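Encoded as structure tokens, the structure appears first; notes follow it.
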Amino acid sequence: MNRSGVVAQTRIELMMTLRRGESLLVTLVIPLGILVFFSKVDAVKVDSSTSIDFLVPGVLALAVMSTAMVSLGIATGFERRYGVLKRLGVTPLSRTGLLAAKTANVLAVEVLQAVLIIATGVALGWDPTAGILPALGLLLIGTVAFAGIGMLMAGTLRAEANLAAANGLFLVLLFLGGMAYPLAKLPDAVEIFAKALPAAALSECVRGALQSPAHIPVGELLVLLVWAIGAPLAAIRFFRWEE
């Protein structure tokens, strides 16, 4: 792999991400807005922790979903439509290098998100005393899962359909992900369905890791691992480099 080419492409990917206003809205403004809003309106009622203790892990999971699935998926879909992927795939960078650059870009944005969310959480009274390293590992697994979903949609749908599907799925998973309010508040049948989705699995696992003492729910962890394995494999199998 051409390392200098990967570094250069990563820089370009990051610059393009930061220049896209809609991308910044989804990846930075919305998660921080949800964290501040729900911590102030006292809409989150939990039995075993404060609202900020509940919200910070969920918003960290939301940030991963917005970056790895929505932003990456939409950008890749339009690059595919306009032939950018095809042209880059035959350059000295190679397709492997391109994927490495996109992955590095996603991780860089997620680091920025995590810093801002944690700093905002601390300012709102959150005490990050335990489980940071396990939580980071879980967020990385979540990144793999959501990137797989985003790339699957980007590689199989037309750009406009992918745009609508990514944003629609984001809203569905936001409401069913246990990120801003407890899953137990959902109707029983909806709660069971939600727990099979990657958003709820990630938010519950990260929330468990950041508890004191830490307790990562095994069922949700298995669901997350299934998505982290299955979604990328499906993307590899069905991804088409051209519309």
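Just so you know, all these numbers are worked out from the coordinates, no wet-lab data involved. These figures come from a predicted structure and were not determined experimentally. Every residue, glycine as well, gets a Cβ built from its backbone with ideal geometry; the counts of neighbours run over all protein chains shown.
What to note about this one:
- Counting only lysines at least 8 places from Lys40 when in the same chain, those with an alpha carbon closer than 28 Å to its own are Lys185, Lys195.
- Charge-dipole axis of the chain as Lys and Arg at +1 and Asp and Glu at -1 on Cβ define it, positive-most pick from Leu32, Val122, Gly168: Gly168
- Entry note, the stretch 3-238: relative contact order of 28 percent, from Cα contacts under 8 Å with a spacing of 6+ residues.
- Global geometry of the stretch 3-238, whether rounded, prolate or oblate, following the gyration tensor of its Cα atoms and the 1.5 cut on a/c: prolate
- Per-residue ellipticity at 222 nm computed for the chain from its helices equals -23500 deg cm²/dmol, with DSSP H segments shorter than 4 residues left out and the rest contributing -39,500 (n - 2.57).
- Cα gyration tensor shape for the stretch 100-226, rounded if a/c is under 1.5, else prolate or oblate: oblate
- Take each peptide in 209-216, 228-235, 61-68, 178-185, count the other Cβ atoms within 10 Å of every residue, and average; sorted highest first, the result is 61-68, 178-185, 228-235, 209-216.
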